[in-house]
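Report on the structure given below.
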Amino acid sequence: MSTIFVGVGEIGVARQPGEVLKTMALGSCVAVVLLDATRRIIGMDHVALPDSSISPERARERPGYFADTGIPALLAAMAKAGARRDSLIVKLMGGAAVLDPNSTFNIGKRNALAIKKILWSHRMGAIAEDLGGTISRTVMVDVDTGRVVLSSPGRPNWEI
């Protein structure tokens, strides 16, 4: 099994048997996972912030960092790998208030809402999500099975 780590603001795509995409310690960040089960192609964007207007330079260097630039970049990367838009399944994880228990900044909620709006503008929506709360999540997606498995310290793994 080959693991491709997707860091903050990065986009990963996998299509080889045995490959796994993994991102760690999602707090307010949101992992957007796209799956083309028919072609066995998976993609992930580790979104940190909702809107690239606060740092256009960073958006050019790392489009996956922002929801508004990351979703189109992920869709383009999936298409380049051979995925078909009409076959894509969307799953969302993260968006917690880990360091903001009083919801002062609501970054997690703002990320999730921005991502959903952008997906809707592409006529897409999530079939499963594990968003909010106050826990950090690690996400692993398997090319062979399409399974999305989450883990968090002190909790048993779960799947969405």
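In summary, strands (runs of 3 or more DSSP E) completely within the stretch 1-108 and bearing 1 or more residues that are of a type in the set (A, V, I, L, M) and on the phi > 0 side of the Ramachandran plot occur at 19-26.
Any residue at all in the stretch 104-124 that is farther than 14 Å from Leu49 by Cβ and at pLDDT below 95? The answer is yes; a qualifying residue exists. Tallying residues that are β-branched (Val, Ile, Thr) and either touching a Ser or Thr at 6+ places or on another chain (Cβ under 8 Å) or in a strand (DSSP E or B) (or both) within the stretch 130-160 yields 6.
Within the stretch 127-160, the only residue that satisfies the criterion of being at negative phi and touching a helix residue (DSSP H, G or I) at 6+ places or on another chain (Cβ under 7 Å) is Leu131.
Taken over the stretch 133-143, the criterion of being surrounded by 14 or more Cβ atoms within 10 Å (Cβ to Cβ) and either more than 13 Å from the chain's Cα centre (by Cα) or more than 23 Å from Ile11 (Cβ to Cβ) (or both) is satisfied by Gly133, Ile135, Ser136, Asp142, Val143. All conditions but one from (1) under 17 Å from Leu119 (Cα atoms); (2) aliphatic (A, V, I, L, M); (3) touching a strand residue (DSSP E or B) at 6+ places or on another chain (Cβ under 6 Å) apply to Ala48; the one that does not is (3).
The values are calculated or read from the model by the stated rules, or taken from the named source; none is laboratory data. No experiment lies behind these values; they were computed from the predicted model shown. Glycine also receives a Cβ, built like all others from the backbone with ideal geometry; neighbour counts cover every protein chain displayed.
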